[in-house]
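> Let me begin by handing over the structure; questions about it come next.
The values are calculated or read from the model by the stated rules, or taken from the named source; none is laboratory data. Given the structure is predicted, the values throughout are model-derived calculations rather than measurements. Neighbour counts run over all protein chains shown; Cβ positions are idealised from the backbone, glycine included. Quick note on the areas: whole protein, heavy atoms, side chains included, nothing else; ligands and nucleic acids left out. Shrake-Rupley method; radii C 1.70, N 1.55, O 1.52, S 1.80 Å.
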Amino acid sequence: MQRKPAKAIKNYIIFVAILAWSGLAIQLYIIISNRVVSIPETIVRYFSYFTILSNILVALHSTYILLKPGSRLGKYFSRSNVVAAITIYITVVGITYNAILRNLWSPKGLEMVGDELTHLIVPLSFLLYWLIFVPKGELKWKNSFPWLIYPIVYFSWVIIFGALSGFYPYFFVNVTELGCTKVILNSGMLVIGFFLLSLLFIGIDKLMKPKLSIT
């Protein structure tokens, strides 16, 4: 990615940053307002959602690209493999929620706004950002393996935290109700899903690689 984005890219990144930070702020306000445990534990639970963590990655990427592109983190978030990884994570958020979780509840008012921002609008906006603005042709098939570290660590944390606190952010990782074997199987299937989606994104990257002209 260019160090200083062109105006169209910059405006779009501003748009994504506003969406991401707004969704995160709304979700934080809601979870604190509706808390059933202490505020510190509520904050821990807030950061236990894959949705929240992935939206934070989108927000951080957008912010550093805009404000500090030349910093160490700015350069890190500018790397094609990092942008692709974030896109995969936030795409999984959109797919999982809208395919599996959406029908489990019917949020209203501000809850609906936060829900749509973090689970639909931000995922779609960032996916379009990757497809349209991020240079292609730099990803390698081997990138798919380190991209799995985040979901593997996340599912491990959820299981450990759930065993200690009794709180599980998603029903398919609830060891209390499903048992450890079923949760490990569910987590394994999701990790496989991450891997397959990673291969798809790398394939798209290679297909969209600019062709060299011969004159």
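> Scanning for something surrounded by fewer than 13 Cβ atoms within 10 Å (Cβ to Cβ), within 19 Å of the chain's Cα centre (by Cα) and in a helix (DSSP H, G or I), does region 160-170 turn up at least one residue?
No - not one qualifying residue is present in region 160-170.
> Also, I was wondering about something else. Taking region 28-44, which residues are small (Gly, Ala, Ser) and not in a helix (DSSP H, G or I)?
Within region 28-44, just Ser38 meets the criteria.
> Let me ask something else about it. Please tell me if Lys140 is of a type in the set (Lys, Arg) and open to solvent by 50 Å² or more (accessible area, probe 1.4 Å).
yes
> I'm trying to understand the selection: among the residues of region 147-159, which are open to solvent by 50 Å² or more (accessible area, probe 1.4 Å), in contact (Cβ under 8 Å) with a residue 24 or more places away in the chain and of a type outside the set (Phe, Trp, Tyr)?
Hit for region 147-159 is Ile152, nothing else.
> Looking only at region 38-69, how many residues end up being open to solvent by 30 Å² or more (accessible area, probe 1.4 Å) and either among the aromatic types (Phe, Trp, Tyr) or in contact with a Lys or Arg (Cβ under 6 Å, 6 or more places away or on another chain) (or both)?
Qualifying residue count, region 38-69: 3.
> Could you list all residues from region 171-185 that are among the polar types (S, T, N, Q) and open to solvent by 30 Å² or more (accessible area, probe 1.4 Å)?
Correct list: Thr176, Thr181.
> Applying the selection to region 9-55, what residues are out of contact with any helix residue (DSSP H, G or I) (no Cβ under 8 Å at 6 or more places or on another chain) and within 21 Å of Pro69 (Cα to Cα)?
Asn11, Ile18
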